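A.B. asks: Let me give you the structure first, and then I'll get to my questions.
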Amino acid sequence: MKHITLSIILAFSLAACSSDDNPVAPEPEPDSGYDFSPILTDFSDKTVIPTYKDLANVATELLTAVQNLKTNPSAATLATARAKWVASRTPWEKSEGFLFGPVDFSGFDPALDSWPVNRTDLEGVLGSSDPLTKTSVNNLANELKGFHTIEFLLFDEGGSKTIEDFTPRQYDYLIAATELLKDAAVSLHTSWIASGENFRAQVVNAGAGSSTYTTQKAAVQEMVNGMIGIADEVGNGKIADPFTEQDTRLVESQFSFNSLLDFQDNMRSIQNVYLGGYNVEAAGLDEFVKSKDSALDQRFQAEIQAAITEIGKISFPFRDALATDAAQITAAQQAIATVQQTLEGDIMSLVLAEQ
Amino acid sequence: MLFSFACSSKNPVAPTPSEDSALSGGQATVFDASSQAFEMPIPTLSPDELDKFFAGDTAFEQVFVTAPAELNPGLGPVFSHTSCVGCHLRDGRGRGAFGSEPPFVGSMLMRVSLPGFTPHGGPVPVPGFGVQLGDRANFGVVLEARVQVSFYETTETLSDGEEVYLKHPIYTIVDAYQPLPAGVLLSARMAPPVFGRGLLEAIPESDILALSDPGDANGDGISGRPNYVYNFRTGQRELGRFGLKANNPDLLQQTAGAYNEDMGVTNPYFPRESVSGQPQHDGRNDDPEILQETLDITTFYLQTLAVPARRLWDDPQALQGEALFESTGCANCHTTTFKTGNHSISSLSDQIIHPYTDLLLHDMGEVLADNRPDFEADGREWKTTPLWGIGLTETVSGVPAYLHDGRARTLLEAIMFHGGEAEQSREAVRNLSKTDRDALLAFLQSL
């Protein structure tokens with residue numbers, strides 16, 4: 001603020017001095033810092049909103065698949081439903097690099113992704129004669145809904161479930177829970193778009209009327225914190241918790257064995273925020289970093305890629321790797337930690353140094 | 001998955017404010033204006049303390065489920081939410097609604113009691129309900145009751161003609177599994193922010209008591225009374241600091257009570273289910289459902305959450321507002337500055353902090369009264385709310401909700417709801433010019 005005030009005073013005094021015979025228009029106020037507008041706009045329009053749009057689309061496909069599973073129960077329709085579940089995880093995991101805004105404060109995250117599943121209550125509901133409609137399942141707690149409840153119903157432990165294991169009530173529950181998942185995904189998308197609750201405007205207009213982010217810097221800090229958050233969560237939570245405890249019960253997406261892909265997609269989420277765009281070219285934070293320190297930009301891009309590669313080298317499935325592949329798990333954790341450190345140190349420092 | 005956000009293991013290079021006023025938490029200040037502003041560890045924690053902080057962070061976000069379960073058993077039988085962070089959104093203010101129905105995003109609970117006091121001096125439990133309504137329940141368990149809220153509106157006209165609309169809640173108990181006795185006392189409360197609490201715990205008791213003026217000896221219309229509450233661990237009567245009526249002596253008891261009452265998770269401090277003796281009891285012999293270690297690390301986490309720096313600390317409008325905050329008398333209760341004493345966590349010791357609370361009870365008038373005494377707090381008294389970080393409420397929690405039950409949608413509404421001992425200050429704000437009023441609000445938003 002001091003800096004801005006000074007420049008205004010300076011501009012005025014210059015104008016005053018040169019006012020008589022050689023009038024000079026007051027110089028435009030020098031740019032008080034990097035203009036993040038293109039990055040914030042593309043982040044909203046080309047990364048966040050398309051990710052949520054894809055999530056809504058794939059969730060709709062998943063619903064069709066589980067409806068088809070009930071109508072035509074077979075190993076093939078079960079395989080399709082499982083594949084669609086896995087496919088629907090990708091946009092979700094790729095959204096976890098920006099777990100702020102409506103996904104957080106409007107409760108979409110717990111509605112979609114609560115963990116652990118409340119299996120005791122789920123067994124109770126399935127064993128009861130309560131109706132299993134969208135409305136009745138909606139009234140149940142988040143720990144009886146969302147991705148992991150659907151995962152449990154489709155896969156059971158390590159995919160051990162076969163089509164013969166399904167009961168009629170499980171089909172009904174599965175369909176109701178998936179309808180709710182789809183609804184939540186659609187609402188999440190709507191919460192950002194201009195024709196919906198328009199959280200987009202809070203981000204795009206940061207520092208220019210946004211009540212959530214009174215400066216652009218705050219919005220960019222939010223983006224960097226989002227990336228730090230997921231790097232931390234993958235390295236120090238999703239991987240470290242089960243690895244340190246040697247406890248497979250702590251593994252995310254353990255029923256489907258989808259954990260490693262989840263982790264990689266989380267890192268790709270960082271990549272999308274940093275480079276900009278969900279399967280499309282866009283302005284990302286890299287443009288800002290490059291303008292300040294091109295070597296840092298190159299290094300960080302390589303670090304993200306290295307983390308994705310190192311996670312990919314962990315032997316499948318992750319729950320077995322806990323005991324058998326410690327060296328590679330450690331290597332992956334280190335690569336993720338490097339990403340986190342660069343974000344927390346070099347990149348956050350560049351952001352905070354902005355006016 | 002609700003997941004850990006408090007991840008920055010080091011405080012990134014901070015701008016160096018030349019004014020101490022920006023450092024709301026002294027050395028326990030962080031420079032973050034994002035939705036994670038309330039979730040950061042104190043930057044001066046040692047590596048060991050930081051490990052403990054992160055373990056506590058995980059515990060704070062742990063989602064409980066019905067026992068038996070491989071992971072996180074112990075939820076219920078009745079509860080308000082399934083995790084701490086479910087109500088204390090990103091460690092900030094909750095949502096001003098009850099969360100007993102989908103999408104379960106409310107952050108409020110309803111305390112209940114009968115008139116009178118227990119031998120410990122606390123609220124008298126309601127037979128069949130205890131001291132808090134369990135408005136959610138595990139499958140197959142009948143919930144105790146739900147709360148329905150309706151509103152009516154009043155208008156406050158400011159001296160320049162601007163109108164402020166105040167939304168007043170009316171709470172109705174519905175779906176009670178058995179009738180509540182006549183004369184039951186109710187107190188609706190919204191989850192408050194939880195950062196900076198270690199610093200508040202470290203304020204010397206004598207400095208708090210020095211501000212109290214129970215009989216209003218100085219005739220300024222403001223009393224300021226300490227609450228004295230029961231410490232269940234020491235069996236002593238102690239100064240209350242935490243809870244909206246200063247109804248808990250320390251963070252450990254506050255935390256243990258919240259596990260037990262808000263999530264139905266029994267613990268070594270409160271090992272009996274909140275529904276003991278009621279038909280909802282699960283009959284399981286698994287208490288306590290969490291270990292002392294979990295209680296301790298969660299408490300440590302709350303003690304070591306940093307305070308976000310004040311923003312725009314040298315902005316002329318905010319500075320003008322700061323002067324008005326003093327001259328209108330707001331600062332008479334929202335005490336600007338304390339120095340902490342010694343605390344077992346060294347980062348909390350000897351810090352100059354700006355919490356904007358005196359931790360004392362004040363009569364807030366009939367409109368805000370819950371008419372439910374809580375230890376020595378009477379039915380019109382509330383503890384002064386700390387205002388540090390309040391300008392980041394919308395950033396952290398989405399939809400802002402202020403005051404004990406979240407009824408105020410804006411800071412100006414919150415001010416105009418003030419009554420009782422704050423009446424003079426409220427009227428002073430009513431009479432400010434628009435320029436001054438905007439400056440006052442700009443100051444609050446800078447916190």
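The values are calculated or read from the model by the stated rules, or taken from the named source; none is laboratory data. Note that the structure is predicted; figures quoted are calculated from it, not measured. Reconstructed Cβ throughout: ideal geometry from the backbone, glycine too, with neighbour counts over all protein chains shown.
A.B. asks: Run down B:Asp160, B:Asp250 and say which single residue is at pLDDT 95 or above, surrounded by 19 or more Cβ atoms within 10 Å (Cβ to Cβ) and over 23 Å from B:Arg380 (Cβ atoms).
C.D. replies: Exactly one of B:Asp160, B:Asp250 is at pLDDT 95 or above, surrounded by 19 or more Cβ atoms within 10 Å (Cβ to Cβ) and over 23 Å from B:Arg380 (Cβ atoms), namely B:Asp250.
A.B. asks: Quick check: is even one residue across the range A:233-255 within 14 Å of the chain's Cα centre (by Cα), within 10 Å of another protein chain (Cβ to nearest Cβ), crowded, with 22+ Cβ neighbours inside 10 Å and not basic (Lys, Arg)?
C.D. replies: yes
A.B. asks: Moving on. Answer yes or no: is there a residue in the range A:18-31 that is at pLDDT below 95, over 27 Å from A:Gly284 (Cα atoms) and surrounded by 13 or more Cβ atoms within 10 Å (Cβ to Cβ).
C.D. replies: Yes; the residues of the range A:18-31 include at least one that is at pLDDT below 95, over 27 Å from A:Gly284 (Cα atoms) and surrounded by 13 or more Cβ atoms within 10 Å (Cβ to Cβ).
A.B. asks: For residues that are more than 7 Å from every other protein chain (Cβ to nearest Cβ) and free of Cβ contacts under 8 Å to residues at least 60 places away in the same chain, scanning just the range A:112-127, find the one that is farthest from B:Ala33 (Cα to Cα).
C.D. replies: Per the stated criteria, the residue is A:Gly127.
A.B. asks: Further, regarding this structure: Restricting attention to the range B:55-72, and to residues there that are facing chain A (nearest Cβ under 8 Å) and over 20 Å from A:Asp109 (Cβ atoms), which single residue is surrounded by the most Cβ atoms within 10 Å (Cβ to Cβ)?
C.D. replies: Selected residue: B:Thr66.
A.B. asks: Looking at A:Ser187, A:Ser211, A:Ser195, can you tell me which residue is touching a residue at least 60 places away in the same chain (Cβ under 8 Å), of a type in the set (S, T, N, Q) and within 20 Å of A:Phe100 (Cα to Cα)?
C.D. replies: A:Ser187
A.B. asks: Taking the range A:260-302, which residues are polar (S, T, N, Q) and touching a Lys or Arg at 6+ places or on another chain (Cβ under 7 Å)?
C.D. replies: Residues satisfying the conditions are A:Ser269, A:Asn272.
A.B. asks: Yes or no: B:Val105 closer than 30 Å to A:Ala185 by Cα, within 14 Å of chain A (Cβ to nearest Cβ) and within 24 Å of the chain's Cα centre (by Cα)?
C.D. replies: For B:Val105, the condition - closer than 30 Å to A:Ala185 by Cα, within 14 Å of chain A (Cβ to nearest Cβ) and within 24 Å of the chain's Cα centre (by Cα) - is met.
A.B. asks: In the range B:389-447, which residue that is assigned to a loop (DSSP other than H, G, I, E, B) and of a type in the set (A, V, I, L, M) is nearest to the chain's Cα centre (by Cα)?
C.D. replies: B:Leu403
A.B. asks: Sticking with this structure for a sec: Of the conditions (1) outside any loop (DSSP other than H, G, I, E, B); (2) more than 16 Å from A:Ala81 (Cα to Cα); (3) assigned by TED's automatic domain parsing to the domain that holds A:Asn72, A:Glu151 fails just one. Which one is it?
C.D. replies: It fails just one condition, (2).
A.B. asks: From the list B:Asn218, B:Asn231, B:Asn227, exactly one residue is at negative phi and in contact with a Phe, Trp or Tyr (Cβ under 9 Å, 6 or more places away or on another chain). Which is it?
C.D. replies: Unique residue meeting the criteria: B:Asn227.
A.B. asks: Where in the range A:244-355 are the helices (runs of 4 or more DSSP H), entirely inside, with at least 3 residues that are in contact (Cβ under 8 Å) with a residue 60 or more places away in the chain and not polar (S, T, N, Q)?
C.D. replies: It comes to A:259-275, A:285-292, A:318-324, A:326-342, A:348-353.
For (1) within 14 Å of another protein chain (Cβ to nearest Cβ); (2) under 23 Å from the mean Cα position of the chain (by Cα), each residue gets a yes or a no:
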residue	(1), (2)
B:Pro125	no, yes
B:Asp135	yes, yes
B:Lys167	no, yes
B:Ala176	no, no
B:Pro179	no, no
B:Ala191	yes, yes
B:Ala202	no, yes
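A.B. asks: Run A:Ala75 past the list (1) over 27 Å from B:Gly140 (Cα atoms); (2) touching a residue at least 60 places away in the same chain (Cβ under 8 Å); (3) under 29 Å from the mean Cα position of the chain (by Cα) and report the number of the one that doesn't hold.
C.D. replies: Of (1) over 27 Å from B:Gly140 (Cα atoms); (2) touching a residue at least 60 places away in the same chain (Cβ under 8 Å); (3) under 29 Å from the mean Cα position of the chain (by Cα), only one is false for A:Ala75: (3).
A.B. asks: Which of (1) basic (Lys, Arg); (2) touching a Phe, Trp or Tyr at 6+ places or on another chain (Cβ under 6 Å); (3) within 10 Å of chain B (Cβ to nearest Cβ) is the odd one out, the single condition A:Lys217 does not satisfy?
C.D. replies: The failed condition is (2).
A.B. asks: What's the total number of residues in the range B:18-51 that are under 24 Å from the mean Cα position of the chain (by Cα) and facing chain A (nearest Cβ under 10 Å)?
C.D. replies: 9
A.B. asks: Can you tell me which residue in the range A:78-111 is surrounded by the most Cβ atoms within 10 Å (Cβ to Cβ), limited to those that are more than 8 Å from chain B (Cβ to nearest Cβ) and free of Cβ contacts under 8 Å to residues at least 40 places away in the same chain?
C.D. replies: Residue satisfying both the conditions and the ranking: A:Lys84.
A.B. asks: Looking only at residues that are among the hydrophobic types (A, V, I, L, M, F, W, C) and touching a helix residue (DSSP H, G or I) at 6+ places or on another chain (Cβ under 6 Å) in the range A:125-161, which one is surrounded by the most Cβ atoms within 10 Å (Cβ to Cβ)?
C.D. replies: Selected residue: A:Phe147.
A.B. asks: Considering only the range B:213-229, state which residues are surrounded by fewer than 21 Cβ atoms within 10 Å (Cβ to Cβ), out of contact with any Lys or Arg (no Cβ under 6 Å at 6 or more places or on another chain) and touching a residue at least 60 places away in the same chain (Cβ under 8 Å).
C.D. replies: The answer is B:Asp220, B:Gly221, B:Ser223, B:Arg225.
A.B. asks: Going by the conditions given, is A:Asp130 under 30 Å from B:Gly76 (Cα atoms), within 14 Å of chain B (Cβ to nearest Cβ) and either in a helix (DSSP H, G or I) or touching a strand residue (DSSP E or B) at 6+ places or on another chain (Cβ under 6 Å) (or both)?
C.D. replies: no
A.B. asks: Of all residues in the range B:82-102, which are in contact with a Pro (Cβ under 9 Å, 6 or more places away or on another chain) and assigned to a loop (DSSP other than H, G, I, E, B)?
C.D. replies: Result: B:Thr82, B:Ser83, B:Gly86, B:His88, B:Gly92, B:Arg93, B:Gly94, B:Gly96.
A.B. asks: So, of the residues in the range A:201-214 that are in a helix (DSSP H, G or I) and either β-branched (Val, Ile, Thr) or more than 10 Å from every other protein chain (Cβ to nearest Cβ) (or both), which turns out to be nearest to A:Gly312 (Cα to Cα)?
C.D. replies: Top of the filtered list is A:Val203.
A.B. asks: Sort through A:Ile329, A:Ile314, A:Ile336, A:Ile347 and tell me the only one that's within 14 Å of another protein chain (Cβ to nearest Cβ), closer than 30 Å to B:Asn72 by Cα and under 23 Å from the mean Cα position of the chain (by Cα).
C.D. replies: So the residue among A:Ile329, A:Ile314, A:Ile336, A:Ile347 that is within 14 Å of another protein chain (Cβ to nearest Cβ), closer than 30 Å to B:Asn72 by Cα and under 23 Å from the mean Cα position of the chain (by Cα) is A:Ile336.
A.B. asks: Can you name every residue in the range B:64-81 that is at negative phi, in contact with a Gly (Cβ under 9 Å, 6 or more places away or on another chain) and assigned to a loop (DSSP other than H, G, I, E, B)?
C.D. replies: Scanning the range B:64-81 gives B:Phe64, B:Thr66, B:Ala67, B:Leu75, B:Pro77, B:Ser80, B:His81.
A.B. asks: Exactly one of (1) closer than 30 Å to A:Asp165 by Cβ; (2) within 14 Å of chain B (Cβ to nearest Cβ) is unmet by A:Asn57. Its number?
C.D. replies: For A:Asn57, the exception is condition (2).
A.B. asks: Can I ask one more? Condition test on A:Glu143, is it away from chain B (no Cβ under 11 Å) and at pLDDT 95 or above?
C.D. replies: In short, no.
A.B. asks: When you check A:Glu164 against the structure, is it out of contact with any helix residue (DSSP H, G or I) (no Cβ under 6 Å at 6 or more places or on another chain), more than 14 Å from chain B (Cβ to nearest Cβ), in a helix (DSSP H, G or I) and free of Cβ contacts under 8 Å to residues at least 40 places away in the same chain, yes or no?
C.D. replies: Answer is yes for this residue.
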